Amino acid sequence: MNKNYNLIYLSIILLLTLTRCESNSSPKSKSVTTDSASVSKYIIPEAGGFEGNIDGKAITLYTLKNKNGAEAAITNYGGRLVSLLVPDRNQKLTDVVLGYDSLKSYQKKGEPYFGAIIGRYGNRIAKGKFVLDGKSYQLQVNDGTNTLHGGADGFYSKVWTAKKTDAQTLELSYLAKDNEAGYPGNLTVKVSYKLTDDNALMISYSAVTDKATIVNLTNHAYFNLNGAGNQTITDHLLTIEADAYTPVDKTLIPTGKIEKVSGTPFDFTKPTLIGERINDKNEQLEYGKGYDHNFVLRSGSGLRKAATVMSPKTGIAMEVLTTEPGIQFYSGNFLTGKDQDGKGKVSYAHRSAFCLETQHFPDAPNQPSFPATVLKPGKVYQTTTVYKFSALK
């Protein structure tokens, strides 16, 4: 990344977009400032808060650290990314992911999948039903009439077998048994977190099955580049490498259409404030209460750029690279700030975080025109996503 070029370019874009945002947006889309006391302390939570045991399997908090001092904390409960500390423009370590200080909070009812590995199928499946090789399957329904993020028995609530292979790498594995949450096949899953020396968190997924099944793995990290606990992400500049997205119905299931983003609030082909158009009168935004949509990434092979986000406040920039065909942009619309149990006892308010979940498309098993998510015996599911951080001066 050419930092000088990007600084000039983003500064110009920021001045233009801030002017438009102040004049056109409703009050909700403006940046909300917070004092330092309301932002969580930028330290890794105490490991003792994550000690536990479920069905004889021990739960632990693991910490990765690179040569620059950046740190990542991951628990094998749900394979969750608990903290991610990266340097800001002043080289001050800043925690950029939302989470909790203890295992207990991750187990509460309605917990929003903070930092979790999502599977067996990320995102939604209509009415929890699909047909594979002529056989009908009924999954657990946990999102109105639909299945969300694997169902009520998803990977986010499982204790993964963990092995820290070096100071910067954690390997996790899990066996999802045949008919678990309604999915066919014994699925052996491996996920690797690696914190590289260029301040990137690389997440590598692989899976094999003994029976035809569907697989769509992702990570549900909630980011705020102002720092976890800051009350807004509407002041972040976002670019998504997508010329199209998949519109949804009232239950957030894709209609099957693929529509152009040009001329809509979903056009992030150039750096745009997240809050600039989030309150526009638009049916799709009303359905999602903001952004909660799958973007169709430009075609390409191998690891490629999917999105870039920058915080003018801290100078922290995050580049997302992936091998996946889609990315779900979620603007934290269902966060309420009701509970003061975030890290450092802060509240996570409405739109105080965003997610960029790399994925195959939602409801693909029921949408023949979408990229297939079927995995058969003898084949290996394999995908990689990288969240790479830098700091603009």
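Ala372 meets each of the listed conditions (1) out of contact with any strand residue (DSSP E or B) (no Cβ under 8 Å at 6 or more places or on another chain); (2) closer than 28 Å to Lys270 by Cα; (3) of a type in the set (A, V, I, L, M, F, W, C) apart from (2).
Hey, any hits in the range 306-320 for a residue that's of a type outside the set (D, E, K, R), open to solvent by 10 Å² or more (accessible area, probe 1.4 Å) and within 26 Å of Ala372 (Cα to Cα)? Within the range 306-320 (the criterion being of a type outside the set (D, E, K, R), open to solvent by 10 Å² or more (accessible area, probe 1.4 Å) and within 26 Å of Ala372 (Cα to Cα)), the answer is no, since none of the residues qualifies. Summed over the range 259-273, residues that are surrounded by 16 or more Cβ atoms within 10 Å (Cβ to Cβ) and either charged (D, E, K, R) or within 24 Å of Asp143 (Cβ to Cβ) (or both) total 3. Checking the stated criteria, Val380 turns out to be of a type in the set (Val, Ile, Thr) and open to solvent by 20 Å² or more (accessible area, probe 1.4 Å). Highlighted here would be strands (runs of 3 or more DSSP E) found entirely within the range 76-143 that include at least 2 residues which are closer than 19 Å to Glu46 by Cβ, among the aromatic types (Phe, Trp, Tyr) and open to solvent by 40 Å² or more (accessible area, probe 1.4 Å), but there are none. What do you reckon, is Leu175 modelled with pLDDT of 95 or more, of a type in the set (A, V, I, L, M), out of contact with any helix residue (DSSP H, G or I) (no Cβ under 6 Å at 6 or more places or on another chain) and over 24 Å from Gly326 (Cβ atoms)? Yes, satisfied. Answer yes or no: is there a residue in the range 211-218 that is at pLDDT 95 or above and surrounded by fewer than 21 Cβ atoms within 10 Å (Cβ to Cβ). Yes, the range 211-218 has at least one match. Taking the stated definitions as given, is Gln328 open to solvent by 10 Å² or more (accessible area, probe 1.4 Å) and over 22 Å from Lys211 (Cα atoms)? No. Of all residues in the range 192-218, those being polar (S, T, N, Q) and in contact with a Gly (Cβ under 7 Å, 6 or more places away or on another chain) number 4.
Quick test for you: out of Asn179, Asn226, Asn199, pick the one residue that is open to solvent by less than 30 Å² (accessible area, probe 1.4 Å), on the phi > 0 side of the Ramachandran plot and among the polar types (S, T, N, Q). Lay out the reasoning, then the answer.
Details: Asn179 fails: open to solvent by less than 30 Å² (accessible area, probe 1.4 Å); Asn226 fails: on the phi > 0 side of the Ramachandran plot.
Asn199 is the lone residue from the list that is open to solvent by less than 30 Å² (accessible area, probe 1.4 Å), on the phi > 0 side of the Ramachandran plot and among the polar types (S, T, N, Q).
Condition check ((1) modelled with pLDDT under 95; (2) under 30 Å from His350 (Cβ atoms)) across all residues:
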{"site": "Ala37", "(1), (2)": "yes, yes"}
{"site": "Ser40", "(1), (2)": "yes, yes"}
{"site": "Phe50", "(1), (2)": "no, yes"}
{"site": "Lys57", "(1), (2)": "no, no"}
{"site": "Thr63", "(1), (2)": "no, no"}
{"site": "Asn68", "(1), (2)": "yes, no"}
{"site": "Glu71", "(1), (2)": "no, yes"}
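Here Glu276, Glu357, Glu286 are screened, and the one residue that is within 30 Å of Lys129 (Cβ to Cβ), open to solvent by 10 Å² or more (accessible area, probe 1.4 Å) and of a type in the set (D, E, K, R) is Glu286.
Taken over the range 164-176, the criterion of being surrounded by fewer than 19 Cβ atoms within 10 Å (Cβ to Cβ) and free of Cβ contacts under 8 Å to residues at least 60 places away in the same chain is satisfied by Thr165, Asp166, Glu171, Ser173, Leu175.
Of the residues making up the range 150-163, those that are open to solvent by 10 Å² or more (accessible area, probe 1.4 Å) and either within 25 Å of Tyr62 (Cβ to Cβ) or aromatic (Phe, Trp, Tyr) (or both) number 8.
The values are calculated or read from the model by the stated rules, or taken from the named source; none is laboratory data. Small disclaimer: the values here were computed from a predicted structure and weren't measured. When we count neighbours, we look across all protein chains shown, and the Cβ atoms used for this are built from the backbone with ideal geometry, even at glycine. What goes into the accessible areas is simple: the full protein's heavy atoms, side chains included, and nothing from ligands, DNA or RNA. Shrake-Rupley method; radii C 1.70, N 1.55, O 1.52, S 1.80 Å.
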